[in-house]
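Structure first, then comments.
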Amino acid sequence: MRTVRNVHERQVAAPAEVVGALLDRISSTDDPLSPSPVWPPIRFDRPLGVGADGGHGFVRYSVGAYDPGRSIRFDFTSPSNGFHSLTTEPVDPGSCRVRHVLEQQQGLKSGLLWTLVIRPLHDTMIEELLDNIERAATPGALTRPHRWSRRARFLHSLVRDRPKATAVPAGAALAHQAFPVPDFADACAIPLDPGMPRDPHAWRDVLSFEVTASAPNELLLGEDAGHLDFRASVLIADDKVTLTTVVKTHNWRGRLYFAVVRRLHPPIARRMLRRAHRRLAFAAPPAPLRAQTPAQ
């Protein structure tokens with residue numbers, strides 16, 4: 001076993017009490033620091049305090065110690081061990097130092113996983129969290145946000161949430177009305193993290209089909225052809241986006257064509273939705289900038 005200690009720190013041109021107040025809002029509904037939606041939001045089963053249990057994505061931990069306005073220690077949930085912590089300490093009346101520390105005992109297998117996969121992702125996420133601290137505490141002062149390495153982008157693409165097959169939602173009214181009796185219908189869905197667009201029209205460009213109908217929370221896209229017609233519904237509901245496809249064939253050519261395509265369609269649809277989801281997540285403004293933008 002070896003002890004891994006990973007430290008990130010940054011001096012912020014704001015008083016320690018200002019940054020401490022931001023730390024106290026971690027995991028709240030108006031959390032200004034979690035670098036979501038590119039990363040899963042930090043969430044707990046209760047307000048921030050000792051004993052609160054949760055984490056972000058597949059990384060699970062509980063609050064082991066909490067000194068409001070000064071420090072938070074998160075203890076990793078078994079079978080993991082160790083902790084990670086966030087602290088702020090004054091440098092002078094107008095600035096402070098923010099430090100994130102991760103400490104853990106690692107065996108050979110967990111050490112390799114940390115070195116090859118987890119550390120590049122961890123380092124990137126923590127630097128983006130520190131970027132958000134600067135954005136929130138000193139608006140306009142962050143001129144050089146952290147830049148992702150190619151390795152981090154590649155690894156992030158592997159661990160990012162993937163859409164899952166689901167039943168065609170009852171709320172997808174435009175999809176249900178598209179054809180009286182469709183010859184094929186399926187759907188896949190993926191959760192929407194904080195900061196993701198809730199307007200289905202935001203998904204129009206990344207899905208690249210013509211709009212045929214729209215509703216407040218649903219957009220219907222599609223194309224007509226001599227052999228078949230198809231519609232793709234984008235529904236935003238229950239903090240997730242659902243892509244529903246319905247198809248109507250017109251003749252033997254359409255039935256033959258779709259007999260082949262229907263085997264390829266589900267993974268293609270899931271890949272299309274995942275690509276759109278990731279693209280919009282990266283395009284979303286960071287939490288502090290979203291807070292500065294007036295609601296439309």
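Calculate the FRET efficiency for L116 and S85 from the Cβ-Cβ distance with a Förster distance of 30 Å, rounded to the nearest 0.05.
Efficiency, rounded to the nearest 0.05: 0.75.
With an 8 Å Cα cut-off and a minimum separation of 6 or more residues, compute the relative contact order for the stretch 164-282 in percent.
Relative contact order for the stretch 164-282 comes out at 29 percent.
The stretch 146-174 to the stretch 273-288: how many Å between their Cα centroids?
Distance between centres, Cα-based: 9 Å.
Where does the charge balance sit around K109 when Lys and Arg score +1, Asp and Glu -1, over other residues with C-beta under 15 Å from its C-beta?
That sum, taken over residues with Cβ under 15 Å, equals +2.
Using the crude model of +1 on Lys and Arg Cβ and -1 on Asp and Glu Cβ, and no other charge, please compute the dipole size for the stretch 222-296 relative to its Cα centre, in debye to 20.
Roughly 380 debye, rounded to the nearest 20.
For the chain, modelled as a GNM with alpha-carbon contacts under 10 angstrom, which of G222, G107, G195 fluctuates the most?
It is G107.
What percentage of all Cα-Cα pairs in the stretch 2-159 are separated by more than 24 Å?
Roughly 33 percent, once rounded to a whole number.
What length, rounded to one decimal in nm, is gained on full extension from A167 through to V50, with 0.36 nm per residue of separation minus their alpha-carbon distance?
Result for the pair: 38.2 nm of gain on full extension.
Could you list T249, T166, T143, T115 in order of exposure, starting from the residue whose Cβ has the fewest other Cβ atoms within 10 Å?
If I rank by nearby Cβ atoms, fewest first, I get T143, T115, T166, T249.
For Cα extents along the principal axes in Å, the choices are (1) 84, 45, 39; (2) 75, 48, 35; (3) 58, 44, 35; which was calculated from the structure?
So the structure-derived entry is (2).
Build a GNM of the chain with springs between Cα atoms under 10 Å: which of V101, V261, V159 gets the top mean-square fluctuation?
V261
Note down, for the stretch 77-143, the three equivalent ellipsoid semi-axes (square root of 5 times each alpha carbon gyration tensor eigenvalue), biggest first, whole angstrom.
30, 15, 8
Quick one: the Cα spread of the stretch 198-296 along its three principal axes, in angstroms, biggest first?
56, 25, 22
For the chain, what relative contact order do you get, as a whole percent, if you take Cα pairs closer than 8 Å and at least 6 residues apart?
Relative CO of the chain lands at 18 percent.
Would you compute, from DSSP H runs of 4+ residues alone, the mean residue ellipticity of the chain at 222 nm, taking -39500 (n - 2.57) per run and dividing by the full residue count, rounded to the nearest 500?
-9500 deg cm²/dmol
How much length is gained on full extension from S157 to E210, taking 0.36 nm per residue of separation minus their Cα-Cα distance?
That works out to 16.3 nm of additional length.
Using 7 Å Cα-to-Cβ label points, what is the R70/L289 separation (nm, one decimal)?
3.5
Coordinate-derived values only; no laboratory data. Every value quoted in this text rests on a predicted model; they were computed, and no experiment measured them. Please note: Cβ atoms are built from the backbone with ideal geometry, for glycine as well, and neighbour counts cover all protein chains shown.
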